[in-house]
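*Asks:* Let me begin by handing over the structure; questions about it come next.
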Amino acid sequence: MGKIEDLEVINGEGYQLTTLDKAIGLARANSVWPLPFATSCCGIEFMATMGSAYDLSRFGMERMSFSPRQADLLIVAGTISKKLGPVLKKVYEQMSEPKWVLSVGACACSGGIFDTYSVLQGIDRIIPVDVYVPGCPPRPEQIIDGVMNIHELVKNESNRRRYSDEYKHLMQNYNIEIEDGKAE
Amino acid sequence: MSELKTKEAFAQSSETIDGNIATINFGPTHPSTHGIFQNVLKVDGEKIISSEQTVGYIHRAFEKLSERRPYNQITPITDRLNYCSSPINNMGWEMTVEKLIGAEIPKRVQYMRVIIMELARIADHLICNSVIGVDAGALTSFFYPFTEREKIYELYEEICGARLTTNIGRIGGFERDFTPAFHTKLQSFLKTFPKAFEEFDSMLARNRIFMDRTKGAGPISAERALAYSFSGPNLRATGVDYDVRAMHPYSSYEDFDFIIPVGVNGDTYDRFMVRQEEIRQSIRIIEQAYNNLPEGSYKADLPDFYLPAKADVYNNMEALIYHFKIVMGETEIPPGEVYHSVEGGNGELGFYLISDGGRTPYRLQFRRPCFIYYQAYPEMISGMSISDAVLTLSSMNVIAGELDA
Amino acid sequence: MEQLNNIGASLDFYIFVSIALFSIGAIGVLTRKNMIVLLMCIELMLNAVNLLLVTFSTFFGNGEAQIFVFFIIVVAAAEATIGLSILIMAYRNSKSIDIEMFNKLNG
Amino acid sequence: MDTAMLIEKSALVLLLFLISLGVAAYQTYFERKLAAWIQDRVGPDRAGPFGILQPIADGTKMFLKEDFIPAKADKWLFIIGPGISMFTALITSAVVPWGTNLNLFGRDISLQVADFNIGILFVFGVVSIGVYGIMIGGWASNNKYSLYGAIRASSQMISYELAMGISAITIVMLSGSLSLNDIVKSQHGMNWNIFYQPVAFFIFFITSLAELNRAPFDLPECESELIGGYHTEYSSMKLGLYLFSEYTSMFVSSAIMAILFFGGYNFPGMDAFSGNTLAILSIAAFALKIFLFIFVIMWIRWTIPRFRFDQLMHLGWKVLIPVAIVNMLITGLVVAWNQGWM
Amino acid sequence: MSLQMISVILGSLTIASALMVVLSKHPIRSVIYLVITFFFISAMYILMNAQFLAIVNMIVYAGAIMVLFLFVLMLLNLNKEMEPETSRLGLISALIAGGTLFLVMITALRDTFQYGKGYTALKTPESGLVENLGNLLFSKYLVPFEISSILFIAAMVGAVLLAKREKQVID
Amino acid sequence: MESLTNRKKVVSDKPMTLWEKIYIPAIVGGMMTTFKHMLRRRKTIKYPEETRVFAPVYRGQHVLKRDEQGRENCTACGLCAVACPAEAITMTSAERKKGEEHLYREEKYASSYEINMLRCIFCGLCEEACPKEAVFLTDRIVTTEFERDEFIYGKDKLVEAIDDRIDITKRQFTGKRTEK
Amino acid sequence: MEKLNNEAILNLIQEAFPNDVLFHEEPYGLLTIEVTATKGHEIIEWLKNHEVLSVNYLTNIAGVHYPEDAGREYAVVYQLHSWKNQTRLRLKCYLSKDALSIASLVDVFAGANWMERETYDFFGIDFLGHPDLRRILNEDSMDYFPMRKEYHLEDATREDKDDRYFGRNNL
């Protein structure tokens, strides 16, 4: 299954990060607004991550955007069943670019213990995932690790990548339409 | 979410709000549905006329899964039922199996279980009540209890090595005794928690804005609640003092002195207050159990089910055989039918187990309190406003994992 | 803000504007069938009158005309509330805001 | 109008614009920090030292985010909604006297863009227009939740404007002028209106919270019920404008409250100073008052739960307005007595 | 830019936006255009030094009445299709009627036009200020003022009674 | 409905007093509480810089232990795979050849041993199931990755390095093993 | 308040329905009665309204599939609770796969609604008189009843495991 990073050589041809890109990346990385798609157990650990003891707000991420339009990072925490899959995909489609996906917990990443007829075996079957966080549920430390990995991605992403052919191709692999015209 | 509407819902969106009935999609990922379920509300202005629920968004086939897993592997599955209070589920399941095999459980194990289960109840109620606060707009009331919850997590971690999905305990006891660190942490928890809890209580319980919001929101009468087979705090909020711990005491609950808080109208405020009082009672129970903790072993003498110590496995042929049998799930399980229920965070959590003597349960049905009482939600919110519906939902403490199995 | 001693364009221009507004309002009342737009056109006509009154008030250096404007605004506010509540009622009964609907009242 | 005056005013306007934006941006930072402190957390601390670059990061990100207009939305109105909000939020600061006159380059510069003789009415006029931004944006999104947010916002703001106006009238009665400058001047030193009109201040403060859509009156955008309320469908800088305008309004209404009830730039013992020292001190005093108001508004937000819609209306119409009217009547009688009219 | 230019531009913008009120298909747009019209009219009041009326016009018309209109429109949530069609004949006759009205009024006020041409000075600039209006309102026009408040109360009660819904059973 | 027990206590019937009805006391009280918290010490553990102490029995990333002589304990009996509810462990066994005694303790060993960390639910059943004290969970956390494939932990990641032993003695499960 | 023991309860039921109690036992102290499937509804209603028994609480409804048991492949198990007597009671109704229907309990216990829907969803047992018998947990488009023994649990699309390792090929 294609992944965003596969298709991009971060420092490769035509994607040399400019200073501007770096500055923008730094700004973006410090202001990743999450959309918590918390369904089950991992959602509770995500809440613990938000809580005083771990405090996700240190990364500038306490501003939850329950509206997908405003969110930068889709945090999928918890089991995604086959019934819920289309909903998740729709939420992903509704998010405006640039967007990233953090898959938290065994269920979201791979189905985990629930190798059953009703559970989707990993959300990367329907949407591209940027960072996987293992654990059932992961400790808040792990979630923060994942978030920081996302930040690394954000920092090192060229500003133009979202308009590149590779990206469009990736989206086509997932049957996700890119809405044109309104960007920029 | 903003417009997770199907095409039909879009078509309906041209309906007017005043005079006509409009449809609002409340979920599946609306921020107030802490978990995933959908309510299609028919509203007239802000007033809800009727609603239709869709559940099953995280249906994980627990019951089928249980038919394919040996008995000791079902404990991790029960973790994920009501994940806010997994230890209760774990121990409920263990007690069910112990009932099936007719095991004698030492008093110490029973008391230890009570301590852990009451801690879980506190954690469960804390999360529910703090979320009521969040939905009522008092965001800070979410953070104070959560700091306390972290301490409960640490206690779990000392015992079993995990925070949320604990897989705590074994058939026949615990995998290890309370560690010294656990003792110190529990003592300090018992000392600091009541103060922090009363602080949380003082922020909401007698605040007029909060009382106005919650009183009369989503009420249900005792008769209707009974017809809907409510249980747990939601039933007690209607004024019925049904508590499995008192009605069918398990794990030595008959030894402890605690009161059963009940409400009057069965509305959100009553549910909130009942949970608040239950937290205080749980602390009392923990103190009683901890102060009277009997000496003895932390496990029952069940060579057929409780894994032998590793040292024995290595040196003792008999132990090695038991070890292999238990792990492979080839121990003798008597055929039979057993129902056991515990008072979970949300009410009567029942395990109906049919064994045919095989490696796995023939049929295991969970009586999931959430699933049963959530069906009364439309009845409870009809005629209420959208804000009330949000509060009612969070005060019912519908846990998606338990709801959808 | 310091007071102006000049009203900019000449008086006739303001009169022309207010007549134009009044006529536009009138045409709106005659052409539109939507009751809300109709009410709005009436508001527009009232405003045209207000403008004229204020213009003459400045012209004659007499504040009394502005008092009338004040009362007109009061009446307009009252009219708008009543009009809109009638409209809501009518809409509730007929699910339409077509002015023709009132023809039914003829019996 | 002479050229120097024009330059002076333009410079002031530009400065005010920048200050408003800067203050609004750092209000978001302050709010996040404050929330964190209240909740035993540390708050943003990774963007720059102590996280002080957080607003800049947020701004940059929002600016570069995909600007999305929903297919079903009314494009034109969708775009002007946030614009109106921002415009009305910024324009009020024009009538605020920020300090005593400053002497620069031999000119006596008034730190007030426009001394309207009906300044307070101007403020109310602008406030009453402010609701359009939310209403239009909410309606144009063509989303149920946005529409609910818009409807809630408009009825709430109209209702609370009444009590707000009535409570402000008492101040007008006391100072005998509608000009904010006169009102400030009448509270020279420590002669603040709060000592005469505590009830009016209380009502004005509550209604300001409601006009600002701040907790406990944040129903139009309350997350748990309406997701994002009127701005659910907004992304990118349009959302940024809405958020910015909220914070700018907070800044400006804190200023208005300070002017009406806490003496504006006046501070006790101000007679000891004069000239530019006084001007700077007065600006500092004013800033401090504004800061305190902002602090209290935020503090309230992170403490108490919000009202339900009918309770909000109940509070507005059945409690605040009658109390405000009674307060106004009593003030009127006292003023008339003092003036010898009775 | 001279004041004259400003006022001419304002006047033309007023007429243009007033036209848009009538021409817009969508009622919500009509409301917006009407608000804009009111803004321009308020601006003209300011030019004529009727500051108080300008602000009152803004507060009451733009800030209250039009919000009410917008509110009702949102409440009913009408779509474009709900707007009933006007027959062509009706349209033409309305245009003729309106045009005639315009002409008649212009003709009727012809003398005034002559009189007012070139007149730009303000005779008594303070006539539109608050003090002046207040004095007038609370002395000479006190009785009408009080009556208008009664009118308001009557309107309020009437509106509440009208809009109040009878208890209905919804199934 | 009559009482089922004699422990019933109504907790929510206290009416609002006049004092409570005027909103202010509760609001001011709440604000005082939050203000006190504002001045309190922060409870946050700034994670990447500071770390929280895990319980010694924490169930984190697995390790395949070696014995004192540096030989792998695992004998590829497959009990852990059977015990795994998530079916995350796979292995292939191989016979120990001559000359490999210093590498593997038993006659059989796992030539490949893979744990799918994405599937794993860290329940600890494998640790319990292991008769050879070979697989243990440790208090290290599994790192997050960008790629799905990187979560298949093979022996390279699981077996402890000879010079970097992982201390699992605090896990109570470790009964003292005695040599035959 | 005198509490009845299991034997007394059984006697009362047998008196009232002499021909319908097909079998009874007391595993782990819980009175279990097998009754004629067609009479299930009637008996539960009777139990609920009985003064002495007063079985007022429906604990749960479970379906069981016994594919080998010809003619009684499916069982619907009702667990009831009499608070007055502090006694639980289990009622079983066996159904044949050819006549897979039983009267719904919704009119007696409102809470039976979803329990029955769940049972229908899992086993395909038809509850006659149920107001809204649809699938509840699974997708509506699902074309089989997953809890029946013949259907597999596993998701067929899982790629990352080899069943041979887990000792459950034969299951």
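*Asks:* So for segment B:139-149 (the condition being under 27 Å from F:Trp19 (Cβ atoms), in contact with a Leu (Cβ under 7 Å, 6 or more places away or on another chain) and in contact (Cβ under 8 Å) with a residue 12 or more places away in the chain), does at least one residue qualify?
*Replies:* yes
*Asks:* Next up: Name the residue, out of B:Gly347, B:Gly329, that is buried (at least 19 other Cβ atoms within 10 Å of the Cβ), under 25 Å from the mean Cα position of the chain (by Cα) and either at positive phi or basic (Lys, Arg) (or both).
*Replies:* Going through B:Gly347, B:Gly329 in turn, the sole match is B:Gly347.
*Asks:* Got a sec? Which of A:Thr49, A:Thr116 is within 12 Å of chain B (Cβ to nearest Cβ) and under 27 Å from B:Glu67 (Cα atoms)? It would help to see each step written out before you state the result.
*Replies:* Working: A:Thr49 fails: under 27 Å from B:Glu67 (Cα atoms).
It is A:Thr116.
*Asks:* Filter segment F:79-92 down to residues that are under 21 Å from B:Lys310 (Cβ atoms) and surrounded by fewer than 19 Cβ atoms within 10 Å (Cβ to Cβ), then give me how many there are.
*Replies:* Filtering segment F:79-92 for residues under 21 Å from B:Lys310 (Cβ atoms) gives F:79-85, F:89, F:91.
Right, trim to surrounded by fewer than 19 Cβ atoms within 10 Å (Cβ to Cβ) and you get none.
Here the count works out to 0.
*Asks:* Filter segment D:168-179 down to residues that are part of a helix (DSSP H, G or I) and in contact with a Leu (Cβ under 8 Å, 6 or more places away or on another chain) and give me whichever is surrounded by the fewest Cβ atoms within 10 Å (Cβ to Cβ). Steps first, answer last, please.
*Replies:* Applying the first criterion (part of a helix (DSSP H, G or I)) to segment D:168-179 yields D:168-175.
When the remaining residues are screened for being in contact with a Leu (Cβ under 8 Å, 6 or more places away or on another chain), the result is D:168, D:171-172.
Working: D:Ala168: 26, D:Ile171: 24, D:Val172: 19.
Ranking the qualifying residues of segment D:168-179, first place goes to D:Val172.
*Asks:* Let me ask something else. Could you grab me the full set of residues in segment B:206-221 that are surrounded by fewer than 20 Cβ atoms within 10 Å (Cβ to Cβ) and in contact (Cβ under 8 Å) with a residue 12 or more places away in the chain?
*Replies:* Answer for segment B:206-221, where residues must be surrounded by fewer than 20 Cβ atoms within 10 Å (Cβ to Cβ) and in contact (Cβ under 8 Å) with a residue 12 or more places away in the chain: B:Lys215, B:Gly216, B:Ser221.
*Asks:* Here is a follow-up. Out of all the residues in segment E:60-71, which are surrounded by fewer than 23 Cβ atoms within 10 Å (Cβ to Cβ) and within 7 Å of chain D (Cβ to nearest Cβ)?
*Replies:* E:Ala62, E:Ala64, E:Phe71
*Asks:* Working only within segment G:115-145, note down all residues that are without any contact (Cβ under 8 Å) to a residue 60 or more places away in the chain, in a helix (DSSP H, G or I) and in contact with a strand residue (DSSP E or B) (Cβ under 9 Å, 6 or more places away or on another chain).
*Replies:* Those that are without any contact (Cβ under 8 Å) to a residue 60 or more places away in the chain, in a helix (DSSP H, G or I) and in contact with a strand residue (DSSP E or B) (Cβ under 9 Å, 6 or more places away or on another chain): G:Met115, G:Glu116, G:Arg117, G:Glu118, G:Thr119, G:Tyr120, G:Phe122.
*Asks:* Here's another thing I want to ask about it. Being closer than 23 Å to E:Ala64 by Cβ, modelled with pLDDT under 80 and at the interface with chain E (Cβ under 7 Å from one of its Cβ atoms) is true for just one of C:Asn34, C:Asn5, C:Asn62. Which residue is that? Please lay out each step first, then the result.
*Replies:* On the way: C:Asn5 fails: closer than 23 Å to E:Ala64 by Cβ; C:Asn62 fails: closer than 23 Å to E:Ala64 by Cβ.
Within the list C:Asn34, C:Asn5, C:Asn62, the selection yields C:Asn34.
*Asks:* Can you go through B:Tyr306, B:Tyr298, B:Tyr373 and tell me which one is closer than 16 Å to B:Trp93 by Cβ, in contact (Cβ under 8 Å) with a residue 40 or more places away in the chain and not small (Gly, Ala, Ser)?
*Replies:* Values: B:Tyr298 fails: closer than 16 Å to B:Trp93 by Cβ; B:Tyr373 fails: closer than 16 Å to B:Trp93 by Cβ.
So the residue among B:Tyr306, B:Tyr298, B:Tyr373 that is closer than 16 Å to B:Trp93 by Cβ, in contact (Cβ under 8 Å) with a residue 40 or more places away in the chain and not small (Gly, Ala, Ser) is B:Tyr306.
*Asks:* So, one more: Among the residues of segment B:289-325, write down those that are under 25 Å from the mean Cα position of the chain (by Cα), surrounded by fewer than 21 Cβ atoms within 10 Å (Cβ to Cβ) and away from chain F (no Cβ under 14 Å).
*Replies:* Correct list: B:Tyr290, B:Leu293.
*Asks:* Turning to a different aspect of this structure: Any idea which of A:Cys42, A:Cys109 is within 26 Å of B:Ala123 (Cβ to Cβ), within 7 Å of another protein chain (Cβ to nearest Cβ), assigned to a helix (DSSP H, G or I) and in contact with a strand residue (DSSP E or B) (Cβ under 7 Å, 6 or more places away or on another chain)?
*Replies:* Numbers: A:Cys42 fails: within 7 Å of another protein chain (Cβ to nearest Cβ).
Exactly one of A:Cys42, A:Cys109 is within 26 Å of B:Ala123 (Cβ to Cβ), within 7 Å of another protein chain (Cβ to nearest Cβ), assigned to a helix (DSSP H, G or I) and in contact with a strand residue (DSSP E or B) (Cβ under 7 Å, 6 or more places away or on another chain), namely A:Cys109.
*Asks:* Here is a follow-up. What's the number of the condition D:Ile109 fails, among (1) touching a residue at least 24 places away in the same chain (Cβ under 8 Å); (2) surrounded by 24 or more Cβ atoms within 10 Å (Cβ to Cβ); (3) over 17 Å from the mean Cα position of the chain (by Cα)?
*Replies:* Status for D:Ile109: all satisfied but (2).
*Asks:* Right, something else. Restricting attention to segment A:88-101, does a residue exist that is under 30 Å from G:Met147 (Cβ atoms), of a type outside the set (Phe, Trp, Tyr), more than 9 Å from chain F (Cβ to nearest Cβ) and in contact (Cβ under 8 Å) with a residue 24 or more places away in the chain? Break it down stepwise before answering.
*Replies:* First pass over segment A:88-101, keeping only residues under 30 Å from G:Met147 (Cβ atoms): A:88-90.
Restricting the remaining residues to those that are of a type outside the set (Phe, Trp, Tyr) gives A:88-90.
Adding the requirement that they be more than 9 Å from chain F (Cβ to nearest Cβ) leaves A:88-90.
If we keep only those that are in contact (Cβ under 8 Å) with a residue 24 or more places away in the chain as well, we get A:88-89.
Yes: one or more hits.
*Asks:* Further question: Out of curiosity, is B:Glu67 surrounded by fewer than 24 Cβ atoms within 10 Å (Cβ to Cβ), in contact (Cβ under 8 Å) with a residue 12 or more places away in the chain and within 14 Å of chain G (Cβ to nearest Cβ)?
*Replies:* yes
*Asks:* Yes or no: segment A:1-17 includes at least one residue that is at pLDDT below 85 and in a helix (DSSP H, G or I).
*Replies:* no
*Asks:* Would you mind stating whether B:Ser382 is more than 8 Å from every other protein chain (Cβ to nearest Cβ) and either surrounded by fewer than 24 Cβ atoms within 10 Å (Cβ to Cβ) or aromatic (Phe, Trp, Tyr) (or both)?
*Replies:* Yes: the conditions hold for B:Ser382.
*Asks:* Would segment B:268-291 turn up any residue that is part of a loop (DSSP other than H, G, I, E, B), of a type outside the set (Asp, Glu) and assigned by TED's automatic domain parsing to the domain that holds B:Glu175?
*Replies:* No, segment B:268-291 contains no residue that is part of a loop (DSSP other than H, G, I, E, B), of a type outside the set (Asp, Glu) and assigned by TED's automatic domain parsing to the domain that holds B:Glu175.
*Asks:* Has segment B:142-162 got any residue that is within 30 Å of D:Asp218 (Cα to Cα), in a helix (DSSP H, G or I) and aliphatic (A, V, I, L, M)?
*Replies:* no
*Asks:* List the number of the failed condition for F:Gly70; all other conditions in (1) farther than 30 Å from D:Pro216 by Cα; (2) in contact with a Ser or Thr (Cβ under 9 Å, 6 or more places away or on another chain) hold.
*Replies:* (2)
*Asks:* Looking at the structure I just gave you, is A:Val104 within 22 Å of F:Arg140 (Cβ to Cβ), facing chain F (nearest Cβ under 10 Å), touching a strand residue (DSSP E or B) at 6+ places or on another chain (Cβ under 7 Å) and touching a residue at least 24 places away in the same chain (Cβ under 8 Å)?
*Replies:* So A:Val104 fits the description; yes.
*Asks:* Still on this structure: Could you go through segment B:196-217 and let me know if any residue there is in contact with a strand residue (DSSP E or B) (Cβ under 8 Å, 6 or more places away or on another chain) and more than 18 Å from B:Met396 (Cα to Cα).
*Replies:* Taking every residue of segment B:196-217 in turn, none turns out to be in contact with a strand residue (DSSP E or B) (Cβ under 8 Å, 6 or more places away or on another chain) and more than 18 Å from B:Met396 (Cα to Cα).
*Asks:* Shifting gears a bit: Restricting to segment D:94-106, name every residue that is surrounded by fewer than 22 Cβ atoms within 10 Å (Cβ to Cβ) and either out of contact with any Ser or Thr (no Cβ under 9 Å at 6 or more places or on another chain) or not in a loop (DSSP other than H, G, I, E, B) (or both).
*Replies:* Listed by number, the residues that qualify are D:Ala94, D:Leu102, D:Asn103, D:Leu104, D:Phe105, D:Gly106.
*Asks:* Would you mind finding the one in B:Ile152, B:Ile132 that is of a type in the set (Val, Ile, Thr) and away from chain D (no Cβ under 11 Å)?
*Replies:* Just one listed residue meets the conditions, B:Ile152.
*Asks:* Moving on. Looking only at segment A:119-131, which residues are without any contact (Cβ under 8 Å) to a residue 12 or more places away in the chain and within 11 Å of chain B (Cβ to nearest Cβ)?
*Replies:* Start the filter on segment A:119-131 by keeping residues that are without any contact (Cβ under 8 Å) to a residue 12 or more places away in the chain, which leaves A:121.
Of everything in segment A:119-131, nothing turns out to be without any contact (Cβ under 8 Å) to a residue 12 or more places away in the chain and within 11 Å of chain B (Cβ to nearest Cβ).
*Asks:* Now for a different question. Applying the selection to segment G:121-151, what residues are among the aromatic types (Phe, Trp, Tyr) and surrounded by fewer than 21 Cβ atoms within 10 Å (Cβ to Cβ)? First the steps, then the outcome.
*Replies:* To start, the set of residues in segment G:121-151 that are among the aromatic types (Phe, Trp, Tyr) comprises G:122-123, G:127, G:144-145, G:151.
G:Tyr144, G:Phe145, G:Tyr151, listed by residue number.
*Asks:* Turning to a different aspect of this structure: Go through F:Ala129, F:Ala94, F:Ala86 for me and flag whichever is touching a residue at least 24 places away in the same chain (Cβ under 8 Å) and more than 14 Å from chain A (Cβ to nearest Cβ).
*Replies:* On the way: F:Ala94 fails: touching a residue at least 24 places away in the same chain (Cβ under 8 Å); F:Ala86 fails: more than 14 Å from chain A (Cβ to nearest Cβ).
Selected residue: F:Ala129, the only one of F:Ala129, F:Ala94, F:Ala86 that is touching a residue at least 24 places away in the same chain (Cβ under 8 Å) and more than 14 Å from chain A (Cβ to nearest Cβ).
The values are calculated or read from the model by the stated rules, or taken from the named source; none is laboratory data. Just so we're clear, the structure is a prediction, and the values are computed from it rather than from any experiment. Here Cβ is always computed from backbone atoms with ideal geometry, including for glycine, and neighbour counts include all displayed protein chains.
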